[in-house]
1. Just to confirm a number: summing +1 for Lys and Arg and -1 for Asp and Glu over residues other than Asn260 whose beta-carbon lies under 14 angstrom from that of Asn260, what do you get?
2. Could you work out the local net charge near Ala176, counting Lys and Arg as +1, Asp and Glu as -1, over the other residues with Cβ closer than 14 Å to its Cβ?
3. What distance in nm separates the two pseudo spin-label positions at His15 and Lys262, each 7 Å out from Cα along the beta-carbon direction?
4. Let me confirm the definition first: pairs of Lys residues in region 117-235, 8 or more apart or on different chains, C-alpha distance under 21 Å. How many are there?
5. Among Thr119, Thr295, which comes first, second and so on when ranked by fewest other beta-carbon atoms within 10 Å?
6. Tally Lys and Arg at +1 and Asp and Glu at -1 over the other residues with C-beta under 10 Å from the C-beta of Pro242: what net charge comes out?
Amino acid sequence: MLYFQHSTNQPPREHVRNRNIRLLATNNPNVSQDGLEAVEARLTDQILRAMSQEHLEISIPAHIRDPQGLQDEVRRRVEEKRLTQAKLRPLLGSLVGGPFSLLRRIVAPDLAQPTNLETKLIAGGVPKVIIDQAKSIRANAAIRENEIAASQLFDIQDRLDDVHQRIEILASAVAARFDERSNPARHIWGELQKLLQEQAKEVDPNMVYKRDPFLLLGAACGLSDECRIEWGCQLHKELFQPTLEGEARLLLLINAFTSNTKSLEGRTKLAKLDFLLRYPHFLVRALSIRRPNLTAEIAPQEQMNIENRMIRYCYGPWDPAYYAILGRLIGRGLVQTVPTTNGIGYRTTQTGRSVAES
């Protein structure tokens, strides 16, 4: 029997987490980054739960010698510390499920849900290597957007909108040419990349993306996540329309941050708070890290009770329906905008507070 002594001279938890994910990725190249992160989090949580149980230095060797020879209570405590195949297999999710199709990615609650970009590329017949490249250059384009925004004295939104509209027009024209082809996204990807190389100066006159065709293609991938560019596969746009549940949830959220002097500052903060409401298991994880003394009990029926899934965007989670939802709440006189030091905040009106508290 081996015993291990914990040492305080250990690498930061984030370094260990990244190392774990890299090891998982080595043996599971077909699993998305989100899927690997979810598996690592589940496994780590299970290990921490086992380690936090009562120290049983005598009972465990006795259990190994004679599993049936222990009292029921002692056997139960030993089982709580054991990491068996039966316990670990449900936590591995897609790692033990083999290759999966787009349909399984979408409907299986235990698998990481594909982004709009991934969904369209998979449905359009694009191989995994191109999907990985698309996600990589999308991230590079987002980094470039953040860099240029931080280095400019003035707002660059007009220039961003201009280049995005040019990319959108070009991509739409290319998609129309291959609309009747099988696996249209493969043809669109290659043709769009070629045209962006040839027309980089015309598409990016203000040097937002340094006229780099790969950054421009990454921007196109970002626009695809916003449902502004298709890859020959139309998504159901009704999925991104506002819902009554979404309106009610945002009204309650904004009201919770409304006081005589305070408001909920900005859509980015709103989206991140809404993310924790939609995905309560991440709220539990966040509390365990930032406020270990607090607990949140989530009913089983609420674990995956999401009317629409969110997408990943430049500054975190996002839902394209936010614009329509906030417009409705403001138009109905339930929410009002207020200026803040960093932009625009949201607060409930008197009518909005009455509705939220009723």
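What follows draws every value from the coordinates through simple rules; no lab data is involved. In this text, all values refer to a predicted model and were calculated from it rather than measured experimentally. So basically every Cβ, Gly included, is an ideal-geometry build from the backbone, and we count neighbours across all protein chains shown.
1. Result for the neighbourhood of Asn260: +3.
2. -3
3. 3.7 nm
4. Summing the qualifying lysine pairs gives 8.
5. Fewest-to-most ranking of Thr119, Thr295: Thr295, Thr119.
6. -2
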